Amino acid sequence: MLTIRAAEPGDAEALAEIGNLPGVRHGTLRMPYDSRSRVERRLAASGSNHFLVGVIDAGDGLKTVVAEGGLIPGQRRRSHVGEVFLIVHDDHVGRGYGAAILQALIDIADNWLGLRRLELDVNVDNLAAIRLYQRHGFEIEGTRRGDALRGGVLIDSHVMGRLRDAPGRTPS
Ligand SMILES: CC(C)(COP(=O)(O)OP(=O)(O)OC[C@H]1O[C@@H](n2cnc3c(N)ncnc32)[C@H](O)[C@@H]1OP(=O)(O)O)[C@@H](O)C(=O)NCCC(=O)NCCS
């Protein structure tokens with residue numbers, strides 16, 4: 001069973017390992033050889049960002065980190081916006097962990113911060129992620145061509161957004 005809790009500095013090593021997995025790098029903008037100290041710095045400087053981890057029981061009472069999600073609120077006139085990210089360990093995809101963490105992030109955004117808009121970038125070929133986000137109310141808003149370099153090839157990415165009722169929003 002997955003337990004979701006706040007990420008702690010002590011999770012840095014596990015999160016660096018997850019960030020270096022080939023499937024995670026393929027689906028995200030993680031660089032090769034991401035270091036524990038870099039993750040530690042990110043967690044230590046979290047400020048108003050919300051970093052969650054998903055842990056499972058690895059036996060003998062030991063817990064293993066298998067997923068991470070983040071919600072990064074905007075500032076000033078974008079303080080109603082939150083940027084979301086999500087990663088699941090390569091060996092644990094397809095078990096509902098991504099959906100559980102995303103739901104927890106959406107709960108924080110909707111019910112505890114009152115954010116109006118959530119947004120994220122996703123590689124256009126990341127069909128699992130796109131489907132997951134669509135199931136949670138995100139829509140594809142546009143496509144960035146040649147947005148990122150992946151293994152020597154430029155790839156496109158979608159911008160996805162999820163809007164809650166926004167009184168006064170000017171329709172496009
Ligand atoms: C994308 C990712 C977060 C999804 O998390 P997950 O735990 O594997 O997904 P879940 O098991 O919660 O499944 C969520 C949905 O995605 C679907 N899904 C999972 N793997 C899939 C696949 N390979 N192809 C198509 N759909 C897939 C599931 O069917 C499920 O949809 P459903 O609710 O309609 O059944 C995870 O695969 C991952 O971290 N991948 C590498 C990093 C990454 O790409 N992060 C996202 C960057 S935007």
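The values are calculated or read from the model by the stated rules, or taken from the named source; none is laboratory data. Everything numeric here is computed off the predicted structure, so don't read it as measured data. Cβ coordinates were reconstructed from backbone atoms using ideal geometry, including for glycine residues, and neighbour counts include every protein chain displayed. These accessible areas exclude ligands, DNA and RNA; they are computed on the full protein's heavy atoms, side chains included. Shrake-Rupley method; radii C 1.70, N 1.55, O 1.52, S 1.80 Å.
Remarks
So that you can scan it fast, the table gives a plain yes or no per residue for (1) closer than 16 Å to ALA67 by Cα; (2) open to solvent by less than 80 Å² (accessible area, probe 1.4 Å); (3) touching an Asp or Glu at 6+ places or on another chain (Cβ under 6 Å):
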site: ARG5; (1), (2), (3): yes, no, no
site: PRO9; (1), (2), (3): yes, yes, yes
site: GLY27; (1), (2), (3): yes, yes, no
site: SER37; (1), (2), (3): no, yes, no
site: LEU43; (1), (2), (3): yes, yes, no
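- Scanning the stretch 89-107 for residues that are closer than 20 Å to ARG42 by Cβ and open to solvent by 30 Å² or more (accessible area, probe 1.4 Å) returns a single hit, HIS89.
- Residue match in the stretch 69-88 (condition: within 16 Å of the ligand (Cβ to nearest atom), touching a residue at least 60 places away in the same chain (Cβ under 8 Å) and farther than 22 Å from ASP107 by Cβ): no
- Condition check for LEU163: open to solvent by 40 Å² or more (accessible area, probe 1.4 Å), closer than 22 Å to GLY19 by Cβ and away from the ligand (no atom under 16 Å from the Cβ): no
- Total residues in the stretch 108-130 satisfying the condition of being in contact (Cβ under 8 Å) with a residue 12 or more places away in the chain, open to solvent by 30 Å² or more (accessible area, probe 1.4 Å), of a type in the set (A, V, I, L, M) and within 12 Å of the ligand (Cβ to nearest atom): the figure is 2.
- Selected residue (only one of GLY19, GLY23 is in contact with a helix residue (DSSP H, G or I) (Cβ under 9 Å, 6 or more places away or on another chain), open to solvent by 30 Å² or more (accessible area, probe 1.4 Å), touching a residue at least 12 places away in the same chain (Cβ under 8 Å) and within 30 Å of VAL124 (Cβ to Cβ)): GLY23
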